[in-house]
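Novice: Can you read through this structure? Questions will come right after.
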C-alpha cells in the first residue's frame, strides 16, 4: 500500500507489520513521533502489544530486555541523550543475545544542546555488539526495520536501525508499505532457543568466571561474522518479495569510478546528484554508500575500493583525538591491500549538529581532492578557522 | 542443564545462565541499611481524640471482615455507635484522601462498626481478676471509658452517677435526632457485661462520702464533667421564663414537654445552643439563636450549624443580650446590642465589642442560656481543686494519693470524643498505679494501648504516600432526612451506611502507614528476600539476602516500611 509518510511514520508502520508483543519507550525529540504513532496503533488495536510507559530510556530498554528474555518480540526507539542513557543496558541486551530492534534517530550530543542530525550518538555504541543499519530514505526505513527482526532473530544479536534527524525522521515521502500477509510470510513468530521458563527456573546473566567469559564473547563475535551473510541473504530475499533488494552497501556508478565518495544515510541522496553532474563533466566519479555498519563488511569494501585512485569519506561524526569513524574503519579495511592497489584516502568531517551538506560542498570536496588542492588526510569541512575568522572561535548562534 | 565441562564452543550456551540456586550468595552482607516493617500513625488516628485504630479497622472492613473490624474498634472504646453519631470527626479534616476525592467518611464507618458490635460477643476477653477496686465518679463518656478499660484489665469497677441512668452528656445533652437513646443504652449494657457496676441516683457528697470512697477503693477517678450553667449577667435574668439550657435540654430529652413560650431566644453559639434550638423547634417552639460573634467563631460543630440553618432556625449573629424586657410579669423581648469584632482574645477568636447606641429588641416570650458550662466540685477536698477545675496533672493524677481525674471537669476539651480518649488514658495510668508501678511523667497516648505495634512518634501525611498507587475516588453522599420532615420529629437525621456502602467506602481508605499485605514489597524485592508469613499476618525479611537497596521502602504505597541503619 502506497502511503505518504515521514521516516518516523515509516518506523511505526514497520513495527506494526513486525507484530512485536512488547513496546517499551520514552519520548525524545526527534524520535517522539515514532512512539506516538506506535502508541496510537496499540490504542486502536492495530498492534496487539503491551505498550510500557517508562520514566527513562534506561528503563525503556530494560523493559525490552525483560520481555525479550521471556520470549517476546520487542521494540524501542530513542535518540542522542536517550541512547547514551541506555548505554549500560545496551551492552546487556547484546551480551544476553536478545534480538531486540531499536530505532535511533541520529541527533547530536549535548552540549551545546542540539536536536539536529549527527552520527556520534549511534557510533558511540559501536562496540556494544549491536548491529547497525544506516538508512537513506523512508522506504529503506520500512524495509530495514522488518529485515532487522529477521536477521537479529537468526543470529541472536540486537539491531539499531538508524535514521537522520529531520532530513529523514520528519520528511514526507512516497512509501510502499507492505501488506501484513507479505510480512507474516517473511518474518515467522519469534522462537528463542533460550528463554525464561517457569518450569525450569534459572538465573540469567549470572556470574561467569574467567575460565568461561571469553567463550561467550567469542560467540558474539562469531554471530556478527555469520550476520554479514545473513544480511546479504535477507536483503536478497526481501528483493524477491518486493522488488526492492538490499545489500550490505550500495554502489552507484562505481563500475569504472576512479574518484569514490563514501558516505552513509541521507547525504547519499545529495551525493548522487553531484556524481551525475561530475560524470557529465567527464570525471569518473562514483558513490559507495555504507548501509550495514555492524557487522562491518570489511572484505566487501576492500574489494570494491581496491585499485581506485582516490577515496573521499564523509563523516557526520568525529572521534576526537583521531578522526572520523567511517574514515578509520575504511582505512583499516584497506590495510591488507598491496601497495599498488591502495587508493589515496581523504576524510571529511562535515554536517555535525545538523549543518547542511549541500551539493556544492560535496562537489568542492571531490574536486579539491581530484585536482590536488586538498592533500591533508583529514579536513574539517567549511568550519571557521584561524585564517577565516577574526577570533578563530566558532560563533554561537 | 548447563554442561559444566564443555569441550567445544557449541557446548556453551548462547548466553550465561545458571540453574543452580543463588541462595549461596549472601548478598545481605553488603547492606548498611535494612528495611523494617514499621507501622506509623495515619493522619486520621493521629488526630483521633478517642484513639481509634482507624486504618487497621478499615482495612479489615475493606476485606469484608466486618466482625473483626467491629471488634477492633470496640477494643478500647465503649462508644463507637454513639461516637460515630456525635463526634465532630477531626480525623476527616486530616484524612490524606482529602485531595483525592474527599476524606473517607470515617464517622460513618465508626457508626457502622459500632452498630454491628452491639452484642457481648464483640467485647474483648477480660484479663484475670486482680482483686483491685476502682471507684469512678461520673458516668459520662470519660468515666465509662475508664471503667470499661479498667474492668477489661481485670479490676473491679464501680461507677457512681447522680442521674437515674449513666451516659452523662450523651444522655442529657445530645438529642435523639443525633443519638437515639436505645443506641446509648445498648452500649452501656455492654459495659455492664464487662463487670462494671453502675450505682445511679448516687451523688457523691450527698449520698456517699468522698473520703469513704477513697477508703473503700484502691483508686478513685473523678470524671464529673460540666453540668452547671453560667449566668448571662443581664438585668431580668432571674425571671422564671429564663431557662438554663443544659437543664432544659435534659428535661426535654428525658421526654418532658414543659409548657414554654411560643418564641424563645437561645443565647450562645456552642453545641448546647444548637441542640437546645433544634430540640425546641421539634416541640413546637420557635427558637432564635443569639450569638455575640460571627458564624466563623461559633464553637459548635459546623455540620450542626448547617443542619440548624437547613431546618429554618433564625440566627442573630454579632448580637449580645443587654436586658430581658418584662411587661405585666411576662417576658416581652430580649433587648440586644449589635457587636463588632476586634482583636483576637486569648482563645484566638476575635473579641466582640459592643456598638454604641445599637440597642434593639427581639420580641420573645422566653430566653434559654447556653453560654458555657461549669463543673460542680463541692464534694472534692480543697487540694484536688483548682478554681472551677479539678487539679489534674499530665499524668491525670490529682495531688491526693490514688485520686485521678479526666473529662471536661479536669481538662475542658469539650467533646465526648476527647472525654472517651481521656478515659482510656487515665485507665492506663490507674492500671499502672494499681500494679504498683511508678507513674509515667505523662499519661501515654491512647495509641499506646493498641494491640498491634505502631510507631506513634511518626505520622503519615499525604507527602509520605507513594502517589503512583492512588487515584482520586469520590466520597459518597451521606443522606439525611429532609429538613421539612425532621423539624417536627426527634427521628435520627443522618441515615447510616448499609454493609455494601460501608465496605465500598472502606475500600477507598489508603490505609496510610499501616501494612495491609498488599505484597508490593515482595513483588519488587530484586533479591527475593521478602517472604509472606504462612498462616500469619505480615512478611519476613531474609537478612542473609536483603542487600538494603530500599526498593521495598520506596515502593510501599503507604509508608509502612522504613530503612534503618545497620549497626556494625
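Novice: Taking region B:496-512 as the search range and keeping residues that are over 24 Å from residue B:461 (Cα atoms) and under 20 Å from the mean Cα position of the chain (by Cα), which one is surrounded by the fewest Cβ atoms within 10 Å (Cβ to Cβ)? So that I can check it myself, show each step before the final result.
Specialist: We begin by selecting, within region B:496-512, every residue over 24 Å from residue B:461 (Cα atoms); these are B:496-501.
This time we only want the ones that are under 20 Å from the mean Cα position of the chain (by Cα), so: B:496-497.
On the way: B:496: 17, B:497: 21.
The extreme case among them is B:496.
Novice: What do you reckon, is residue A:230 more than 13 Å from chain B (Cβ to nearest Cβ) and not in a strand (DSSP E or B)?
Specialist: On the way: more than 13 Å from chain B (Cβ to nearest Cβ): yes; not in a strand (DSSP E or B): yes.
Answer is yes for this residue.
Novice: Of the numbered conditions (1) within 11 Å of chain A (Cβ to nearest Cβ); (2) part of a helix (DSSP H, G or I); (3) buried (at least 19 other Cβ atoms within 10 Å of the Cβ), residue B:45 fails exactly one; give the number of that condition.
Specialist: Checking residue B:45 against (1) within 11 Å of chain A (Cβ to nearest Cβ); (2) part of a helix (DSSP H, G or I); (3) buried (at least 19 other Cβ atoms within 10 Å of the Cβ), the one that fails is (1).
Novice: Next question. Just give me the residues in region B:315-330 being within 22 Å of residue B:270 (Cβ to Cβ) and either part of a strand (DSSP E or B) or not assigned by TED's automatic domain parsing to the domain that holds residue B:238 (or both), in sequence order. Let's see the steps before the verdict.
Specialist: Our first condition is that a residue be within 22 Å of residue B:270 (Cβ to Cβ); within region B:315-330, this holds for B:315-322, B:324.
Scanning region B:315-330 gives B:315, B:316, B:319, B:320, B:321, B:322, B:324.
Novice: Pairs please, first residue from region B:522-543 and more than 27 Å from residue B:451 (Cα to Cα), second anywhere and part of a strand (DSSP E or B), Cβ atoms under 8 Å, 6+ apart in sequence or on different chains.
Specialist: Taking only residues 6 or more apart or on different chains, the pairs are B:529/B:541.
Novice: Within region B:528-546, take every residue that is touching a helix residue (DSSP H, G or I) at 6+ places or on another chain (Cβ under 6 Å) and surrounded by 18 or more Cβ atoms within 10 Å (Cβ to Cβ) and give me the one that is nearest to residue B:68 (Cα to Cα).
Specialist: Among those residues, the one meeting the criterion is B:530.
Novice: Given (1) in contact with a helix residue (DSSP H, G or I) (Cβ under 7 Å, 6 or more places away or on another chain); (2) part of a helix (DSSP H, G or I), where does residue B:251 come up short, assuming only one miss?
Specialist: Going through the list (1) in contact with a helix residue (DSSP H, G or I) (Cβ under 7 Å, 6 or more places away or on another chain); (2) part of a helix (DSSP H, G or I), residue B:251 breaks only (1).
To keep it simple, each residue is scored yes or no on (1) closer than 20 Å to residue A:172 by Cα; (2) more than 20 Å from the chain's Cα centre (by Cα); (3) buried (at least 22 other Cβ atoms within 10 Å of the Cβ); (4) in contact (Cβ under 8 Å) with a residue 12 or more places away in the chain.
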residue: A:9; (1), (2), (3), (4): yes, no, yes, yes
residue: A:25; (1), (2), (3), (4): no, no, yes, yes
residue: A:31; (1), (2), (3), (4): yes, no, yes, yes
residue: A:48; (1), (2), (3), (4): no, yes, no, yes
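Residues are listed down the side, and each one gets a yes or a no for (1) crowded, with 24+ Cβ neighbours inside 10 Å; (2) touching a strand residue (DSSP E or B) at 6+ places or on another chain (Cβ under 6 Å); (3) without any contact (Cβ under 8 Å) to a residue 60 or more places away in the chain:
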position	(1), (2), (3)
B:402	no, yes, no
B:405	yes, yes, no
B:408	yes, no, no
B:428	no, no, no
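Novice: Read through the list (1) over 25 Å from residue A:240 (Cα atoms); (2) within 14 Å of chain B (Cβ to nearest Cβ); (3) more than 16 Å from the chain's Cα centre (by Cα), then give the number of the only condition that residue A:191 fails.
Specialist: (1)
Novice: Could I ask something else about it? Answer with yes or no whether residue B:485 is surrounded by 16 or more Cβ atoms within 10 Å (Cβ to Cβ) and not in a loop (DSSP other than H, G, I, E, B). Walk me through how you get there before you give the answer.
Specialist: Working: surrounded by 16 or more Cβ atoms within 10 Å (Cβ to Cβ): no; not in a loop (DSSP other than H, G, I, E, B): yes.
So residue B:485 fails the test.
Novice: Name the one entry in B:33, B:23 that is surrounded by fewer than 19 Cβ atoms within 10 Å (Cβ to Cβ), within 14 Å of chain A (Cβ to nearest Cβ), touching a residue at least 40 places away in the same chain (Cβ under 8 Å) and more than 22 Å from residue A:92 (Cβ to Cβ).
Specialist: Working: B:33 fails: within 14 Å of chain A (Cβ to nearest Cβ).
That would be B:23, the only listed residue that is surrounded by fewer than 19 Cβ atoms within 10 Å (Cβ to Cβ), within 14 Å of chain A (Cβ to nearest Cβ), touching a residue at least 40 places away in the same chain (Cβ under 8 Å) and more than 22 Å from residue A:92 (Cβ to Cβ).
Novice: Specify which of the listed residues (B:153, B:142) is within 24 Å of the chain's Cα centre (by Cα) and within 28 Å of residue B:370 (Cα to Cα).
Specialist: Working: B:153 fails: within 28 Å of residue B:370 (Cα to Cα).
The match here is B:142.
Novice: Are there any pairs with C-beta distances below 9 angstrom linking a residue in region A:213-224 that is more than 8 Å from every other protein chain (Cβ to nearest Cβ) to a residue that is assigned to a helix (DSSP H, G or I) and surrounded by 12 or more Cβ atoms within 10 Å (Cβ to Cβ), with the two at least 6 apart or on different chains, and if so which?
Specialist: From region A:213-224, the pairs are A:217/A:95; A:220/A:94; A:220/A:95; A:223/A:155; A:224/A:155.
Novice: Residue by residue through region B:231-259, note down the ones that are in contact (Cβ under 8 Å) with a residue 60 or more places away in the chain, surrounded by fewer than 17 Cβ atoms within 10 Å (Cβ to Cβ) and under 30 Å from residue B:381 (Cβ atoms).
Specialist: Selection gives B:231 alone.
Novice: Might you let me know whether region B:286-303 holds any residue that is modelled with pLDDT under 95 and under 18 Å from residue B:489 (Cα atoms)?
Specialist: Scanning region B:286-303, I find no residue that is modelled with pLDDT under 95 and under 18 Å from residue B:489 (Cα atoms), so the answer is no.
Novice: With the condition being surrounded by fewer than 18 Cβ atoms within 10 Å (Cβ to Cβ) and in contact (Cβ under 8 Å) with a residue 40 or more places away in the chain, I'd like the helices (runs of 4 or more DSSP H) fully within region A:53-155 carrying at least 2 qualifying residues. Talk me through it step by step, then tell me what you get.
Specialist: Values: elements: A:57-69, A:80-95, A:120-123, A:138-155.
Because the criterion is at least 2 residues that are surrounded by fewer than 18 Cβ atoms within 10 Å (Cβ to Cβ) and in contact (Cβ under 8 Å) with a residue 40 or more places away in the chain, the helices (runs of 4 or more DSSP H) in region A:53-155 that meet it are A:80-95.
Residues are listed down the side, and each one gets a yes or a no for (1) surrounded by 15 or more Cβ atoms within 10 Å (Cβ to Cβ); (2) touching a helix residue (DSSP H, G or I) at 6+ places or on another chain (Cβ under 6 Å); (3) at pLDDT below 95; (4) not in a helix (DSSP H, G or I):
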position: A:254; (1), (2), (3), (4): yes, no, no, yes
position: A:260; (1), (2), (3), (4): yes, no, no, yes
position: A:268; (1), (2), (3), (4): yes, no, no, no
position: A:282; (1), (2), (3), (4): no, no, no, yes
position: A:293; (1), (2), (3), (4): yes, no, no, yes
position: A:308; (1), (2), (3), (4): yes, no, no, yes
position: A:317; (1), (2), (3), (4): yes, yes, no, yes
position: A:333; (1), (2), (3), (4): yes, yes, no, no
position: A:361; (1), (2), (3), (4): yes, no, no, no
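Novice: Output the residues belonging to region B:212-230 that are surrounded by 12 or more Cβ atoms within 10 Å (Cβ to Cβ) and over 30 Å from residue B:364 (Cα atoms).
Specialist: Let us first name the residues in region B:212-230 that are surrounded by 12 or more Cβ atoms within 10 Å (Cβ to Cβ), namely B:213-214, B:216-230.
Residues satisfying the conditions are B:213, B:214, B:216, B:217, B:218, B:219, B:220, B:221, B:222, B:223, B:224, B:225.
Novice: Moving on. If only one of B:265, B:273 is assigned by TED's automatic domain parsing to the domain that holds residue B:314 and not in a helix (DSSP H, G or I), which one is it? Working first, answer last.
Specialist: Details: B:273 fails: not in a helix (DSSP H, G or I).
When all the criteria are applied, what remains is B:265.
Novice: Something else about it: Is it fair to say residue B:28 is part of a helix (DSSP H, G or I), away from chain A (no Cβ under 14 Å) and modelled with pLDDT under 95?
Specialist: Judged against the criteria, residue B:28 is a match.
The values are calculated or read from the model by the stated rules, or taken from the named source; none is laboratory data. Just so it is clear, the model here is predicted, and its values are computed rather than measured. Here Cβ is always computed from backbone atoms with ideal geometry, including for glycine, and neighbour counts include all displayed protein chains.
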